[in-house]
Structures are given as C-alpha cells and as structure tokens.
Amino acid sequence: MSAEEEVALKIRQDYGIKLAGWYYTDIGRLNRIIHIWGYKDYSHFEESRKKVRSDPRWDRDYLPRVKNLILSQQDMIMNGANFFPEPK
C-alpha cells in the first residue's frame with residue numbers, strides 16, 4: 001500500500017483521477033485490495049489511463065515496487081447512484 005500512497009496516487013491525481021475508496025480485506029479471502037477511482041466519464045477514464053501508463057514515473061517508480069505483489073487483477077466500470085456524492 002505504501003507504493004500507492006507514495007507514488008501512484010500522485011500520478012493518478014495529476015491526470016484528474018480521484019480516489020473514491022481504498023479497502024483491504026481483514027476477514028475472508030485475505031490479502032486483497034479493492035480500490036475505487038472516480039472519473040468524469042468514460043472518455044476521461046480512457047484518456048487518463050493512457051496518460052498514467054505512459055508517465056515515466058509509472059514505469060520507473062511504481063511498477064517495480066508492485067509487479068511481484070499482483071497475482072490477479074479485475075477491472076469494472078460502475079456507475080454511481082444519482083444520490084451518491086461525487087468523490088472529492
């Protein structure tokens with residue numbers, strides 16, 4: 001989690017991606033991290049994802065710290081309910 005806090009969070013924020021939730025499992029299937037990111041729309045998701053992955057800090061500072069820790073990854077696109085507040 002320190003690599004996310006120290007490196008990746010700043011990179012994502014530089015491209016307008018907002019952290020909406022960060023959780024880790026404590027009961028049940030352990031050693032899982034669930035993170036939720038807020039985007040303006042699907043176009044912003046696609047654009048910012050490309051920018052993050054092409055940012056030299058991503059390959060240089062972040063990926064080396066996490067690449068051996070990630071065993072699997074699952075991505076989902078979800079829409080928030082109209083009464084749920086936007087991530088700040």
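Values in this text are rule-based calculations from the coordinates and carry no lab data. Small disclaimer: the values here were computed from a predicted structure and weren't measured. Counting neighbours? That spans all protein chains shown, and the Cβs are built from the backbone with ideal geometry, glycine included.
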Count, please, the residues in region 44-66 that happen to be small (Gly, Ala, Ser) and touching a helix residue (DSSP H, G or I) at 6+ places or on another chain (Cβ under 8 Å). 1
Please specify each residue of region 1-53 satisfying the condition of being among the polar types (S, T, N, Q) and surrounded by 11 or more Cβ atoms within 10 Å (Cβ to Cβ). Gln13, Thr25, Ser48
